[in-house]
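One structure is given here, and the rest of the page talks about it.
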Amino acid sequence: MELRIDGKAIEARPGSSLLDMVRQLDMDTQRLSDRPIAAKIAGEVFNLNYIPVRDKDANPDRPSIRRAMAASGGEVHLLRYSDPTGKDVYARTAQFVLFLALHRLYPGARAKMNCTVGAGLYIAVSGAENFSVRALKEEVRRIVSSDIPLIRRRISTAEAVRRFRDMGQEDKARLLSWRREDYFDRYEHEDFMDYYYGELAPTTGYLQVWDILP
């Protein structure tokens, strides 16, 4: 299937992600203002790890074109930080990285995002014994430099409820128990997982500009 990514034509090979194609077209960059961070396809926002054409049943002779790609006719619009939706993707990525760092350093703590003001995310942390902003910043720095892939995966709702309860997040488990769908999409790394009403950047390394202030 031929795609047009920001007007540039490329053949989508089965199993290749949008990020693979962005790099093949030499459209990736390290500058935050110019770097593609997500994509919009047929009005929906997708993580750049999204695979437009899958190998159906692991057979390259029977490729499966994803529903959104078929609906868009192969048109893909890249989102960057300058786009309001791109800023939202960046903020969600920052939230995931921060909560992962808190989980690693203070597994018994609870963190809650209270609000956003401008480019700032205001988060309250409780139950973190010997809490240190300096230690938290160092852990965030390690996670960012590790460039961890952020891939959205699907599990059953029942499994998600169990996982959140095991993590001590009873509020999320209780909320999901009312979910009608029998599946659940989440982002995870190691023993930590979270969900968002929107996509994240393709890796933690996209979080180039940040700070943590008490």
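Scanning region 134-150 for residues that are in contact (Cβ under 8 Å) with a residue 60 or more places away in the chain and either in contact with a strand residue (DSSP E or B) (Cβ under 6 Å, 6 or more places away or on another chain) or loosely packed, with under 12 Cβ neighbours inside 10 Å (or both) yields Ser145, Pro149, Leu150. With respect to the conditions (1) part of a loop (DSSP other than H, G, I, E, B); (2) crowded, with 16+ Cβ neighbours inside 10 Å; (3) basic (Lys, Arg), Arg180 falls short on a single one, namely (2).
Among the residues of region 59-78, how many are within 14 Å of Asp6 (Cβ to Cβ) and either open to solvent by 30 Å² or more (accessible area, probe 1.4 Å) or at pLDDT 95 or above (or both)? Residues meeting the conditions: 4. Restricting to region 12-24, count the residues that are open to solvent by 100 Å² or more (accessible area, probe 1.4 Å) and at pLDDT below 95. Summing the residues that are open to solvent by 100 Å² or more (accessible area, probe 1.4 Å) and at pLDDT below 95 in region 12-24 gives 1. Evaluating Asn130 against the criteria (1) open to solvent by 70 Å² or more (accessible area, probe 1.4 Å); (2) outside any loop (DSSP other than H, G, I, E, B); (3) not aliphatic (A, V, I, L, M) leaves one unmet condition, (2). Check region 174-184 and report whether any residue there is closer than 18 Å to Leu98 by Cβ and in contact with a Leu (Cβ under 7 Å, 6 or more places away or on another chain). No: region 174-184 contains no residue that is closer than 18 Å to Leu98 by Cβ and in contact with a Leu (Cβ under 7 Å, 6 or more places away or on another chain). Arg153 - would you say it is loosely packed, with under 13 Cβ neighbours inside 10 Å, at pLDDT 75 or above and within 11 Å of the chain's Cα centre (by Cα)? Considered against the rule, which asks whether it is loosely packed, with under 13 Cβ neighbours inside 10 Å, at pLDDT 75 or above and within 11 Å of the chain's Cα centre (by Cα), Arg153 comes out as yes. In the list Gly108, Gly120, Gly74, Gly86, which residue meets the criterion of being under 28 Å from Asp28 (Cβ atoms) and out of contact with any strand residue (DSSP E or B) (no Cβ under 7 Å at 6 or more places or on another chain)? Exactly one residue qualifies, and that residue is Gly120. Can you tell me which residue is surrounded by the fewest Cβ atoms within 10 Å (Cβ to Cβ) among those in region 25-58 that are part of a strand (DSSP E or B) and not basic (Lys, Arg)? Checking each candidate, the answer is Glu44. Before we move on, is Asp88 closer than 29 Å to Ala42 by Cβ, open to solvent by 30 Å² or more (accessible area, probe 1.4 Å), of a type outside the set (Lys, Arg) and free of Cβ contacts under 8 Å to residues at least 12 places away in the same chain? For Asp88, the condition - closer than 29 Å to Ala42 by Cβ, open to solvent by 30 Å² or more (accessible area, probe 1.4 Å), of a type outside the set (Lys, Arg) and free of Cβ contacts under 8 Å to residues at least 12 places away in the same chain - is not met.
The values are calculated or read from the model by the stated rules, or taken from the named source; none is laboratory data. Quick caveat: nothing in here was measured; it's all calculated off a predicted structure. When we count neighbours, we look across all protein chains shown, and the Cβ atoms used for this are built from the backbone with ideal geometry, even at glycine. Please note that ligands, DNA and RNA were not included when accessible areas were found on the heavy atoms of the full protein model with its side chains. Shrake-Rupley method; radii C 1.70, N 1.55, O 1.52, S 1.80 Å.
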